[in-house]
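Okay, so here's the structure we're looking at.
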Amino acid sequence: MAFCLAELHLWSTKSSLQVKDTDIGTYQYYDKGEPAHSLEHHYYSDKLHFCQARGYPWTPRNHRPEKLCDSLKELEELLQTNSCVHTRWRNKYCCQLLLSNGVLVTLALNGPHLKQVCIDHTLVGRLPGNTVTDAVLSNGLILLSFLERGQVAAVYLNKRNQDSLKTGRRTDKLSPSEIKVACVEVGKASQRLRRRVGLNRLQDVALCWWNLDEHSEEPWMLTDTQRNNLFLISCSPTEGLKILCSVRTEGNPLDCCFSQLQHYQMLMVELPAGPQGFRDGTCANACVYECVRGRLHRLSVVSIPLPSHPLCCSRHPSESILLLGLSDSSLVLFDQRRGSR
């Protein structure tokens, strides 16, 4: 038998978390003072001394300029009404979150404990849409898609703003006068379509994709470009965003990303379009797309028979092994080199 000992640190002062005093491996923050219902906290003092002896913070500090306690409560309030659309670990001491309202949050860590929470509202009101559905944070730009608009936006960062993403200091927030926002139309606007974005390793080409719109009104009035659901976009900081090519996939994309080995190839997992993709005993297609002579072509496709509908997938760094999570709570590991599960 194998087991793993771990600790859970909850960055919150809310009493609704119901962390018991007897839960030695689970910790949360507490406001100053004794608990209101002391009868429910028999070992409050004992756990307090236990944490203090190990250097674990009990109450978040609220000294200037960080004011950690106030910043943490502000972040919790933001998460009540907004979702986190992208997370990036800048390094093991710095984590960045982008919320659906465009707020950029930088968490500075000291081990498992919060050291600083920097909440940046610079992008709010400066983006073409109010609700961000997906985003990618990189050193040179921030790529975003929106719920209300059929657009992709890129926020280009200068050297100073790039440094602020690295350090996460409160004094180094994004500067409104030193960022450039560029937009490009991708398909038609529809709140049914959750557009996803991706960026290649060289950060010069992006992609945007979404599920096929089977409920489109008057589809005969749409152009080929408006019917397409996979777009390849140039991200030049001098020329802005520019559509290179687009295509309508044969199936519904489950996942799409750039290859880390072939920087201009796109790896996609497609599901059969229509109701048959959700029945027991279905399949998934592992596809490779590439732009050739100004058009997106599907270079290869491998069909993977599955006992139930796939919900998620992940790739091995070698890109030869695909792991799929199915609706019946099972996992399928597919080796594309051998063509077998």
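All other residues with a Cβ under 11 Å from the Cβ of Leu109 taken together, and with Lys, Arg as +1 and Asp, Glu as -1, what is their net charge?
+3
Magnitude of the Cβ-charge dipole of the stretch 37-132, K/R +1 and D/E -1, about the Cα centre, nearest 20 debye?
With only Lys, Arg, Asp and Glu charged at Cβ, the dipole is about 420 debye.
What value does the chain have for Rg/Rh, both radii from Cα atoms and Rh as Kirkwood defines it?
Answer for the chain: 1.03.
In a GNM of the chain with a 10 Å cut-off on Cα contacts, which of Thr249, Thr223, Thr106 has the highest mean-square fluctuation?
Comparing Thr249, Thr223, Thr106 in a Gaussian network model of the chain, the most mobile one is Thr223.
Leu261 to Glu239: FRET efficiency via 1/(1 + (r/R0)^6), r the Cβ-Cβ distance, R0 25 Å, to the nearest 0.05?
Step by step, r from the Cβ atoms, then E = 0.40.
Straight-line reach from Lys32: which lysines have Cα under 16 Å away, leaving out those fewer than 8 places along the same chain?
Candidates past the 8-residue exclusion: Lys14, Lys47, Lys67, Lys73.
Could you give the nm distance between label points at Cys312 and His297, where each point is 7 Å from its Cα heading toward the beta carbon?
With each label point 7 Å from Cα toward Cβ, the separation is 3.6 nm.
Which lysines does Lys180 reach when only Cα atoms under 22 Å apart count, and residues fewer than 8 places away in its own chain are ignored?
Lys159, Lys166, Lys242
Which residue fluctuates the most in the chain, going by a Gaussian network model with Cα springs under 10 Å, if the choices are Ile321, Ile24, Ile179?
Ile24
Under 10 Å, Cα contacts only: if you run a Gaussian network model on the chain, which one of Gln260, Gln52, Gln28 comes out with the highest mean-square fluctuation?
Highest fluctuation of the listed residues: Gln52.
Can you tell me how the stretch 1-135 classifies by the Cα gyration tensor, rounded, prolate or oblate, using a/c under 1.5 as the rounded cut?
prolate
Taking R0 as 45 Å, what FRET efficiency do you get between Ser177 and Val19 from their Cβ-Cβ distance, rounded to the nearest 0.05?
Using R0 = 45 Å, I get an efficiency of 0.50.
Classify the stretch 250-341 as rounded, prolate or oblate, taking a ≥ b ≥ c as the square roots of the eigenvalues of its Cα gyration tensor: rounded when a/c is under 1.5, otherwise prolate if a/b is larger than b/c and oblate if not.
Verdict is oblate for the stretch 250-341.
Residue by residue through the stretch 245-251, what is 3J(HN,Hα) from phi via Karplus (6.51 cos²θ - 1.76 cosθ + 1.60, θ = phi - 60°)? Round to whole Hz and write x for glycine and proline.
6, 8, 7, 9, 6, 6, x
What distance in nm lies between label points placed 7 Å from Cα along the C-beta direction at Arg201 and Asn91?
Reported label-point gap for Arg201 and Asn91 is 2.2 nm.
Rule-based calculations on the coordinates, nothing more; no lab input. Everything numeric in this text was worked out from a predicted model, so none of it was measured. Heads up, the Cβs are rebuilt from the backbone with ideal geometry, glycines too, and the neighbour counts pull from every protein chain shown.
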